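This report concerns only the one structure given below.
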Amino acid sequence: MNSAEARLGWLDDRTLRWKLRQATTLMLEAVADIIDGEGLTLSGALPGGAEYACEHTGLPDQYAPLVEAEAVGYLARTLARTPTSLFNGNLTYFVWKIDTLPHEKQSKLLRRTAAAYNRCLPATAASPEPGDAPTVPYVVGRYQSGPYVGFAALTRHPDGRRGPAR
């Protein structure tokens, strides 16, 4: 089999990728609706959200974990403003931090994230307003002899830039 004959599955299937994006957006919006309507936190509203989104976008249930991982990963990138792996365990931390917000701020953050995701914007475009955001750590690089980890409000660094000058 040569490279022209090889298929990459969902990676080269434009229709499937479009449905996955639709399902991810729908999941973020549906979870926000559940938080508003039932008063649950993000962690309480997440179970079943991806299956619901797959069902309503015509995707098989086997794609539900992929949709949930993409939605929560994009939400985490929105908060941290840095890329984060889906498999390093940090997503649980971001979900926990969002759970500490009032319900209306959680749903507002999810709706903002869904709107930015739907417009194919980078995650930083959905960053919450300072009063809406929990403080999360972000690694900005190495500072002299060791790693520098800063804590900042999510929209701007206190010095007016994304991180310390190198």
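Quick note: the coordinates plus some simple rules give every number you see, no bench work behind them. What you see is a predicted model; the values in this text were computed from it and never measured. Using ideal geometry, Cβ is built from the backbone for each residue, glycine included, and neighbour counts are taken over all protein chains shown.
Observations on the structure shown:
- Tensor-based shape of segment 28-79 (alpha-carbon gyration tensor, a/c under 1.5 rounded, otherwise prolate or oblate): oblate
- For Thr15, Thr100, Thr78, the sequence from fewest to most other C-beta atoms within 10 Å is Thr15, Thr100, Thr78.
- Rg over Rh [alpha-carbon atoms, Kirkwood Rh] for segment 9-126: 0.94
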